[in-house]
1. Which trypsin sites (Lys or Arg not before Pro) in the stretch 1-67 pass both tests, a DSSP loop state and at most 12 other beta-carbon atoms within 10 Å?
2. Ignoring ligands, DNA and RNA, what percent of the 1.4 Å accessible area of the stretch 1-146 is carbon and sulfur?
3. Could you give the accessible area per residue of the stretch 114-233, probe 1.4 Å, as a whole number in Å²?
4. Taking the Cα atoms only, what angle lies between the long axis of helix 87-96 and the longest principal axis of the chain, rounded to 10 degrees?
5. Please state, to two decimals, what the Cα-based radius of gyration of the stretch 53-188 comes to when divided by 2.2 N^0.38 Å (N = residues).
6. How many angstrom separate the Cα center of the stretch 4-38 from the Cα center of the stretch 42-114?
7. For the residue pair ARG201 and PHE2, what label-to-label distance in nm results when each label sits 7 Å from Cα along the Cα-to-beta-carbon direction?
8. Return one number: the angle in degrees, 0 to 90 and rounded to the nearest 10, between the long axis of the Cα atoms of helix 185-201 and the longest principal axis of the Cα atoms of the chain.
Amino acid sequence: EFNRATQAYRQPGSSFKPFVYSAALDNGYTPSSVVMDAPIEIDPGPGQEIWRPSNYSNEFYGPSTLRTGIEQSRNVMTVRLAQDLGMDVVDEYARRFGVYDNLGPYLPLSLGSGETTVMRMVAGYSVFANGGRAVVPTLIDRIQNRFGDTIFRYDDRGCEGCEATSWQGQDEPVIIDNREQVLDPMTAYQITSMMEGVVQRGTGTYAKRLKRPVAGKTGTSSDYKDAWFIGFT
């Protein structure tokens with residue numbers, strides 16, 4: 001009776017990074033912006049050990065573009081981005097996408113060390129695929145009675161001209177999309193392009209065997225307690 005998609009709170013790991021990169025693109029960075037991939041030390045405060053984030057390979061690669069950073073899932077670059085933006089900005093974007101309700105001000109959270117659900121992560125990624133507009137998951141789209149009449153419809157978008165019974169030379173119906181614009185459409189396009197690079201050249205190349213365009217991101221937590229791939233075709 002335990003639903004792992006909606007009830008299991010797990011660490012998304014690096015699959016959270018696209019939300020950090022979205023915040024960066026909206027705040028002056030571009031996919032070709034260069035960020036230093038080099039050792040960094042973070043002082044968490046009195047009585048706490050110095051935090052020295054590292055990449056999965058335990059190596060550092062010097063100046064690298066944001067596109068390379070997300071393709072190769074560079075942890076240190078992401079921490080530097082979050083430090084420059086401020087965790088309050090990262091927290092705002094996490095809320096916008098519906099991934100977290102309250103992320104907190106701690107830099108390790110930019111690497112996906114907080115806990116969330118598969119459902120919330122997939123809903124967040126759906127924003128990228130939907131031109132930056134919010135997508136709310138639904139289990140029931142429509143209910144019809146025995147006569148075929150719709151008695152419930154989840155999609156409440158209006159449609160001008162959809163009631164026409166025949167075509168009399170009129171324009172095609174126009175669906176009015178009233179969903180919240182969570183992310184700039186240009187940013188959504190750029191992040192999607194960068195996540196296509198994850199599959200073509202980065203950590204998600206296994207998905208190339210689908211032989212169709214795929215955008216997505218891998219993510220692992222410590223010791224592979226959780227291993228993620230979230231993406232869309």
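The values are calculated or read from the model by the stated rules, or taken from the named source; none is laboratory data. Note that this is a predicted model, so its numbers are computed, not measured. Note: ideal-geometry Cβ built from the backbone for every residue, glycine included; neighbour counts use all protein chains shown. All accessible areas refer to the heavy atoms of the entire protein, side chains included, with ligands and DNA or RNA removed. Shrake-Rupley method; radii C 1.70, N 1.55, O 1.52, S 1.80 Å.
1. ARG4
2. Details: 3600 of 7520 Å².
Of all accessible area on the stretch 1-146, carbon and sulfur atoms account for 48 percent.
3. Each residue of the stretch 114-233 exposes 67 Å² on average to a 1.4 Å probe.
4. 20 degrees
5. Ratio of Cα Rg to 2.2 N^0.38 Å: 1.49.
6. Their Cα centres are 8 Å away from one another.
7. 4.2 nm
8. Once rounded, the angle reads 60 degrees.
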